[in-house]
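Each remark here refers to the structure printed beneath this line.
The values are calculated or read from the model by the stated rules, or taken from the named source; none is laboratory data. All values derive from a computational prediction rather than experimental measurement. Cβ: placed from backbone, ideal geometry, glycine included. Neighbour counts: every protein chain shown.
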Amino acid sequence: MGRDRQCGRGAGRQLETSSEVTPLRCFVKALSLVLALCSVTVADARELGTDFRLFAGRDAVARFALEDLTGKKRTLADYSDRVLVVNFWASWCSSCMAEFPTLQVMRAELAGERFELLAVNVGEDRLTAKRFLDGLIPGFSFPVLLDENMLTTRQWRVRALPTSFIVDPQGRIAFFAEGGRNFASPEVVDRLRTLMPTNQAEAPAAGRDDD
């Protein structure tokens with residue numbers, strides 16, 4: 001995945017597969033990732049932006065198969081031909097807590113359109129993730145996927161929580177954002193609509209880098 005250079009060093013690093021590392025090294029790598037994510041979480045959760053960066057190269061996303069809160073395995077193929085927001089989050093992340101209600105509003109706004117929100121929990125178990133969301137957004141309706149071993153998080157080269165990717169109907173990352181965002185804003189909703197199949201012919205402005 002060819003992230004915009006503005007993402008900084010390490011975006012192109014090669015990841016070791018599980019067959020190449022010992023269990024102890026796996027644990028150390030996972031712990032290091034958690035500590036790194038903690039250190040770069042946006043401090044002021046009250047300030048939510050609306051900007052997204054252009055993802056250079058429009059690379060195809062790394063495929064995954066993750067369980068949802070009911071234990072059902074979900075893959076990206078389940079959501080083909082849709083615009084996706086793939087949001088990486090954790091219960092200890094204050095900015096995640098701030099932006100989640102806006103994610104629910106965004107999904108309701110786009111109900112019936114070719115869109116889906118996938119909320120990928122990083123490094124926590126099913127009970128922790130469900131309790132957090134039940135307390136924050138009673139009756140939440142969007143799919144929540146569990147990345148307990150953080151393999152998908154590494155494959156998508158997530159460096160901060162929350163991180164969100166906007167994926168086009170062809171399965172390519174179009175935009176990304178690190179830190180909390182106001183997904184309920186008209187600016188974000190309009191950006192998503194321009195990527196939908198019926199609107200792509202008139203969406204040259206969607207390829208603009210906001211930075």
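Considering the stretch 24-135, the qualifying strands (runs of 3 or more DSSP E), each wholly inside and each with 2 or more residues that are surrounded by 13 or more Cβ atoms within 10 Å (Cβ to Cβ) and at pLDDT 95 or above, run over 65-68, 83-89, 115-122.
Scanning the stretch 151-164 for residues being surrounded by fewer than 20 Cβ atoms within 10 Å (Cβ to Cβ) and closer than 15 Å to Arg63 by Cα gives a total of 4. If we scan the stretch 92-108, do we find a residue that is polar (S, T, N, Q) and farther than 21 Å from Arg181 by Cα? No, there is no match, as no residue in the stretch 92-108 is polar (S, T, N, Q) and farther than 21 Å from Arg181 by Cα. Within the set Leu145, Leu161, the sole residue that is part of a strand (DSSP E or B), at pLDDT 95 or above, out of contact with any His (no Cβ under 7 Å at 6 or more places or on another chain) and not β-branched (Val, Ile, Thr) turns out to be Leu145. Restricting attention to the stretch 168-211 and to residues that are at pLDDT 90 or above and basic (Lys, Arg), the residue that is surrounded by the fewest Cβ atoms within 10 Å (Cβ to Cβ) turns out to be Arg172. Only one of the listed residues (Phe132, Phe140, Phe100, Phe176) is of a type in the set (Phe, Trp, Tyr) and touching a Lys or Arg at 6+ places or on another chain (Cβ under 7 Å). That residue is Phe176.
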